[in-house]
Amino acid sequence: MDSILTCMDCGKTYPINERVITCPACGGLLDVTHDLDALRGTVTHELFDQRLGSWNKLDHSGVWRYRELILPGLPEDAYVTRGEGNTTLYTASPKLADYAGVAHLQLKHEGENPTGSFKDRGMAGGVTQAQQLGVRSVICASTGNTSASMASFAAICGLQAMVFFPVGYVALGKIAQSVAYGALSVQVEGDFDDTLALVWDVAQELPVYLLNSYNPFRLEGQKTIMIEMLHQRGWRVPDWIVVPGGNLGNSSAFGKALVELRDLGLIDRLPRIAIIQAEGANPLYRSYIEDWQTRHTVRAQTIATAIRIGNPANFHKAHRTLDWTNGVVTIVDDQAIMDAKAQIDAAGIGCEPASAASVAGVRRLVDEGTIAPDADVVSILTGHLLKDPDAVLNYHAQTLDGIESTYANHMKTIKPSLDAVAALLTE
Ligand code: F0G
C-alpha cells in the first residue's frame with residue numbers, strides 16, 4: 001500500500017497526492033500514514049548504517065537517509081535536499097549538566113542545519129511534496145526560521161516564495177536570510193497568530209501552497225530529528241526528550257516518529273517527552289494543567305520571539321504526543337531562558353533564546369522532582385546563536401528590559417597599548 005493522508009480527528013483518508021493541508025471534511029490535522037507492515041524487515045538498523053558511509057546525496061542527507069519512513073517510493077531525483085540534518089549530538093560539559101541538574105545531558109543541535117534551524121528538515125519534506133504537486137508558489141507565516149528555510153529551499157528549486165512576519169518581533173538574522181534568499185518578504189501589523197491566520201486565508205483563496213507546520217509533510221521531515229538522534233545513540237532510548245514548544249510541530253513530529261520506530265521494532269521503548277513553553281506564551285501548558293478541559297489561546301509575549309505564539313497550529317497533535325509518551329509540559333520565564341542561553345553559549349555550543357528554553361526546562365523539571373538527577377536526558381537546541389545577535393549583545397551589555405544579566409561577559413574598550421592589555425590581565 002502507498003502512504004496515504006489520514007485525518008487525526010475523523011479518520012477520513014486521502015491519496016498522498018491530493019492537494020490538501022487539513023481535512024476537507026472536518027478541518028482536522030492530517031497525518032502521512034505509512035504502510036509499516038510493508039516496511040518491517042526492509043527498514044533496518046543495517047540499512048541506515050550502510051547509508052552513513054555513502055556520498056550519494058540522498059544517503060548523505062540527515063532527512064532522506066531515512067526516506068522510507070518519510071516519503072517513500074519517489075524516484076531519487078524527486079527528493080529536494082541541500083544537505084540538511086547530520087547535526088551534532090553534544091554531550092554537555094560537567095558545568096552545563098550541573099546547571100541543568102542532571103548527570104547525563106546531551107544536546108542535539110538543530111541550529112547546525114544549512115539555514116541555522118531545524119526547519120530545514122521540515123522543508124526538505126514540504127518542498128519535495130510541493131514539487132510532486134507541481135505548485136509554483138509557496139507561502140508561510142513565520143517568527144523567522146520557517147521563512148528563512150522556506151526561502152532557501154524555494155530558491156534552490158525555482159519556486160516563488162512568499163513569507164509573512166509579525167512586524168517588530170522577528171530576530172535580525174532571520175529577516176536578513178529571507179530577504180537575501182529572494183523571498184517576497186512582508187511584515188504584517190499584528191502578532192504571529194494574526195499573521196498565520198492571514199496566511200491561512202490566503203492559501204485557501206490563492207494558488208499558493210502552505211508550508212507552515214499544518215502541512216503534514218513538514219512534520220515528516222522533522223521526525224528525522226528523533227530518528228537521527230537515536231541512530232547516533234546506537235538506538236539506545238533516553239529517558240527524556242526535552243523540546244521547546246511554539247507552534248508545536250516538533251512535539252507532534254517527535255511523537256509520531258517514536259511510535260513508528262517502536263512499531264517497526266527499531267527501538268524497544270518510548271522515551272518521555274517534555275514540552276517547554278515560555279511563561280508568556282503558554283497555551284498548551286494552561287490546557288495541560290487543567291487536564292485538557294479547554295483549548296486555551298493567549299496573546300503571547302516573550303523575549304524568545306521564535307516561540308512567541310498564542311494559538312499553536314499543532315495543539316491536538318502535541319496533546320497526542322503527550323498521551324503516547326506519558327509526557328509533561330512546563331513553563332520557564334524569560335530570565336530562566338536567557339540565563340540558560342548564557343550557559344549554553346559559554347559552553348562553546350551556543351543557541352538562540354527559544355532553544356535555551358529546553359535546558360531551562362530540564363532545570364525546572366529536576367527542581368520539581370519530575371526528572372530524576374540520574375536520568376538520561378536529550379535536549380533539543382532548535383536554532384543557531386547568530387539568529388538573534390541583539391539578544392546576545394543586549395544580555396551581555398545588561399541592557400535587556402526586565403532581565404538580570406546573571407552571567408554577563410562584559411566587552412572592554414581599551415587604548416591600543418601594551419599597558420592597557422597588561423592591566424586587563426591583572427584585573
Ligand atoms: N525554536 C525555534 C528556534 C523556532 O524557530 C521555533 C518555531 C520553535 C522553537 C518552536 O517549534 O513550532 O515546532 O513548536 N518557529 C516557527 C517559525 C514558528 O516561524 O520559524 P514548534
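The values are calculated or read from the model by the stated rules, or taken from the named source; none is laboratory data. Keep in mind it's a predicted model, so treat the numbers as computed, not measured. FYI the Cβ positions are ideal-geometry reconstructions off the backbone, even for glycines, and counts take in every protein chain you see. Just the protein is used for accessible areas: all its heavy atoms, side chains included, with ligands, DNA and RNA removed. Shrake-Rupley method; radii C 1.70, N 1.55, O 1.52, S 1.80 Å.
Relative to the longest principal axis of the Cα atoms of the chain, helix 119-133 runs at roughly 30 degrees. Measuring nothing but how far apart in sequence close Cα pairs (under 8 Å, 6+ apart) lie, relative to its length, region 42-145 scores a relative contact order of 23 percent.
Per residue, the accessible area of region 33-119 comes to 43 Å² when a 1.4 Å probe rolls over the protein heavy atoms. For residue 286 and residue 56, the FRET efficiency from 1/(1 + (r/R0)^6), where r spans their Cβ atoms and R0 equals 51 Å, is about 0.65.
Summarising the overall dimensions of region 226-309 from its C-alpha atoms, the Rg and Dmax are 14.8, 42 angstrom.
Legend: distances between Cα atoms for 119/317; 108/317; 387/412; 57/256; 317/387; pairs beyond 20 Å are 108/317; 387/412; 57/256; 317/387. Relative to the longest principal axis of the Cα atoms of the chain, the long axis of helix 334-346 makes an angle of roughly 80 degrees. Since only 139, 397, 348 are under comparison, the one whose Cα sits farthest along the positive direction of the charge dipole of the chain, derived from C-beta charges on Lys, Arg, Asp and Glu, is 139. Label zone of residue 49 (point 7 Å out along Cα→Cβ, amide N under 17 Å): in region 258-302 this covers 265-268. In the chain, the DSSP beta bridges split such that about 25 percent are antiparallel, to the nearest 5. Diagonalising the gyration tensor over the Cα atoms of region 73-194 and scaling each eigenvalue by 5 before taking the square root yields semi-axes of 29, 21, 11 Å, largest first. Can you list the trypsin sites (Lys or Arg not before Pro) in region 203-255 that are in a DSSP coil and have 12 or fewer other beta carbons within 10 angstrom? Filter output for region 203-255: 236. When all protein chains stay in place, what accessible area (Å², nearest 10, 1.4 Å probe) is found for residue 415? Estimated to the nearest 10 Å², residue 415 gives 150 Å². Based on Cα contacts under 8 Å between residues 6+ apart, the chain shows a relative contact order of 16 percent. Computed extension length for residue 18-residue 201: 64.0 nm, one decimal, from 0.36 nm per residue of separation with the Cα-Cα distance subtracted. In the full protein context, region 274-388 carries 33 Å² of accessible surface per residue, based on a 1.4 Å probe and ignoring ligands, DNA and RNA. The residues of region 147-217 present an accessible area of 39 Å² per residue when probed at 1.4 Å with all protein chains retained.
Counted over region 117-262 with a bin width of 5 Å, the fraction of Cα pairs per bin, in whole percents, is 2, 10, 19, 21, 19, 13, 8, 5, 2, 0. Relative intensity of the chain on a log10 scale, I(q)/I(0) at q = 0.08, 0.14 Å⁻¹, equals -0.41, -1.30, per a Debye sum over C-alpha point scatterers of equal strength in the absence of solvent.
Normalising the average separation of contacting C-alpha pairs (under 8 angstrom, six or more residues apart) by the number of residues puts the relative contact order of region 253-332 at 41 percent. As a fraction of the 1.4 Å probe accessible area of the chain, surface on carbon and sulfur atoms comes out at 51 percent.
Going by alpha carbons, how many degrees (0 to 90, nearest 10) lie between the helix axis of 353-367 and the longest principal axis of the chain? With rounding to tens, the tilt is 80 degrees.
Estimated purely from DSSP H runs of n ≥ 4, each contributing -39500 (n - 2.57), the mean residue ellipticity at 222 nm for the chain is -11500 deg cm²/dmol once divided by its residues.
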